[in-house]
Amino acid sequence: MTASRASARYLAIHHSPERWEERAHVLVAKIGTLPPEELRLECVAFAGALADWSSLSSPADEKVLGEFLRALSWMAVNFGEPKDSALGSALDRAISVARESGGEVVELQLAKASYISARAAEADELERSLKDAIEAAAPDSHVWAQATLALIRYYVDASRYKKAAKELAAFRRRLSDADLPRYYECGALVAEGVALVASFRAPERAEGLLQEACAYENENMPLVTQWVATAYHYRGRLAELRRDHAEALRLYAHGRSLPGRIPESIASDGFIDLRMVEPLVASGLYESAEDHIHEAQRLFRLATNNGSGLLQCSIALASLASHRGDLALAEDRLRKTLDGARRVGFWRGELLCLGYLMVLAVRQRQPVRACRHFWRTVRSLRAGELERNNPVLLSIRIPAMVGYLKRRLLPARRGSRQVRIADACTCWLHQS
């Protein structure tokens, strides 16, 4: 056999769709089995497989390709670091090849959006990428629905609630006429419920929407399980607002432990640990609360998009110090976290720190400092949330935000019938 024929035979075998599909199956299986520390090392393998897909001798199976690209999106969210752009470069090449060959690009664009989201939560590039995916998708298709829900969630995360509401209303109108499975209604319910909770609006309506979403718990599909887990998470937040700390802990633990759940991201599990902290602190379970803060820090350090999470861990440690009576340590942590939030443009973190400093000053009977922090809080609102939302509506919700800040820093009135505390933490960390 001549060298040229041997080379052609090698390429035919190693660039065959069957060989690539076997490789893709192996990589996809690693998402649900390997710990995050080992998964991080697989980024180059995923990028290489994507590059090889671009040069296959014939198209790969669409189902296998879809599973691979969804797994790639998960890797991009968690490990797509700007300094190591292997994933980003491979995605750009694959999108270019798919466009030139007339192939499907929507799943690739969604994967690219996931990669971008790992680098900046409010990047204009992310919005453009999601809109490109929606425009490229076949009308009323699965990928159209998934891309639209991703765009709505981006608007909520960026505090652009008016835009989120407009897109959600349009999505619901299209969904009622589209030939799509009914479980996409679960995604819409969760999106609306999350927007209401995040904007301190209509908690009763938010609770109803999220409960309705939880009815899809037995659909046994990874995407739906993610939505249902998010619904339980935000129901836990609403239980906290009612000061039902025992119920909040139950809801957080149940959502995280759903069978078949693969977390939306490593960081999302870190945020669940963080949410466990407030009801534990309010219940006087300080050591358990500290365990969850440290676990959240560990998870955030494993993930790429960790700046906001680590800053929120610092705020949680300040809250814990305040409840333990160490007000000087709480104030020191808040001041350092405030500087960090300003450096990275984390406006909501800056707002929380200023609000907490105001409550601490009140607690220490320092009215001048309290007034100073109040006006700084108003300026932060004007630079951040007020730019994106209706100033009058947000001002109306300020009392709810102040009440939330007080609960985070002041010990619960344990004799009150309105407060239901937990006797112990029975979560995944503390089960005997």
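Please go through the range 272-288 and pick out each residue that is assigned to a helix (DSSP H, G or I), of a type outside the set (A, V, I, L, M), open to solvent by 10 Å² or more (accessible area, probe 1.4 Å) and touching a residue at least 12 places away in the same chain (Cβ under 8 Å).
Listed by number, the residues that qualify are Arg275, Glu278, Tyr286, Ser288.
Can you name the residue in the range 146-164 that is more than 13 Å from the chain's Cα centre (by Cα), open to solvent by less than 40 Å² (accessible area, probe 1.4 Å) and within 17 Å of Arg348 (Cβ to Cβ) and is also modelled with the highest pLDDT among such residues?
Ala164
Tally the residues that are within 19 Å of the chain's Cα centre (by Cα) and part of a helix (DSSP H, G or I), restricting the search to the range 185-208. So that I can check it myself, show each step before the final result.
Going residue by residue through the range 185-208, those that are within 19 Å of the chain's Cα centre (by Cα) are 186-200, 206.
Next, only the ones that are part of a helix (DSSP H, G or I) stay: 186-198, 206.
Residues meeting the conditions: 14.
Could you please tell me which pairs satisfy a Cβ distance under 7 Å, a separation of 6+ or placement on different chains, a first residue in the range 48-59 that is in a helix (DSSP H, G or I), and a second residue that is surrounded by 14 or more Cβ atoms within 10 Å (Cβ to Cβ) and small (Gly, Ala, Ser)?
Ala49/Ala24; Leu50/Ala90; Leu50/Ala94; Ala51/Ala90; Trp53/Ala60; Trp53/Ala94
Kindly indicate whether Val64 is over 21 Å from Phe300 (Cα atoms), among the aliphatic types (A, V, I, L, M), at pLDDT 75 or above and assigned to a helix (DSSP H, G or I). Can you show your working first?
Numbers: over 21 Å from Phe300 (Cα atoms): yes; among the aliphatic types (A, V, I, L, M): yes; at pLDDT 75 or above: yes; assigned to a helix (DSSP H, G or I): yes.
Spelling it out, Val64 is indeed over 21 Å from Phe300 (Cα atoms), among the aliphatic types (A, V, I, L, M), at pLDDT 75 or above and assigned to a helix (DSSP H, G or I).
Criterion first (at pLDDT below 65, open to solvent by 70 Å² or more (accessible area, probe 1.4 Å) and not small (Gly, Ala, Ser)) does Val402 satisfy it? Quick ask: steps written out before the conclusion?
Numbers: at pLDDT below 65: yes; open to solvent by 70 Å² or more (accessible area, probe 1.4 Å): no; not small (Gly, Ala, Ser): yes.
Against the criterion (at pLDDT below 65, open to solvent by 70 Å² or more (accessible area, probe 1.4 Å) and not small (Gly, Ala, Ser)), Val402 does not qualify.
Can you list residue pairs whose Cβ atoms sit under 8 Å apart, with the first residue in the range 238-267 being more than 22 Å from Ala424 (Cβ to Cβ) and open to solvent by 60 Å² or more (accessible area, probe 1.4 Å) and the second being part of a helix (DSSP H, G or I) and aromatic (Phe, Trp, Tyr)? Count only pairs 6 or more apart in sequence or on different chains.
Note: pairs meeting the criteria are Leu241/Tyr404; Ile262/Trp74.
Within the bounds of the range 169-183, is there any residue that is of a type in the set (S, T, N, Q) and surrounded by 15 or more Cβ atoms within 10 Å (Cβ to Cβ)? Spell out the reasoning first.
Here is the first cut: in the range 169-183, the ones of a type in the set (S, T, N, Q) are 176.
From what is left, the residues that are surrounded by 15 or more Cβ atoms within 10 Å (Cβ to Cβ) are none.
No; the residues of the range 169-183 include none that is of a type in the set (S, T, N, Q) and surrounded by 15 or more Cβ atoms within 10 Å (Cβ to Cβ).
Residues to consider are Ala318, Ala370, Ala296, Ala328; find the one that is at pLDDT 85 or above and more than 30 Å from Val77 (Cβ to Cβ).
Every option except Ala328 fails the conditions.
Only one of Leu39, Leu34 is modelled with pLDDT of 70 or more, aliphatic (A, V, I, L, M) and either surrounded by 15 or more Cβ atoms within 10 Å (Cβ to Cβ) or in contact with a Pro (Cβ under 8 Å, 6 or more places away or on another chain) (or both); which? It would help to see each step written out before you state the result.
Working: Leu34 fails: either surrounded by 15 or more Cβ atoms within 10 Å (Cβ to Cβ) or in contact with a Pro (Cβ under 8 Å, 6 or more places away or on another chain) (or both).
The unique qualifying residue is Leu39.
The values are calculated or read from the model by the stated rules, or taken from the named source; none is laboratory data. All of these numbers come straight from a predicted model, not from anything done at the bench. All Cβ positions, glycine included, derive from the backbone under ideal geometry; neighbour counts span all protein chains shown. Each accessible area value is taken on the protein alone, full model and side chains, heavy atoms only, with ligands, DNA and RNA left out. Shrake-Rupley method; radii C 1.70, N 1.55, O 1.52, S 1.80 Å.
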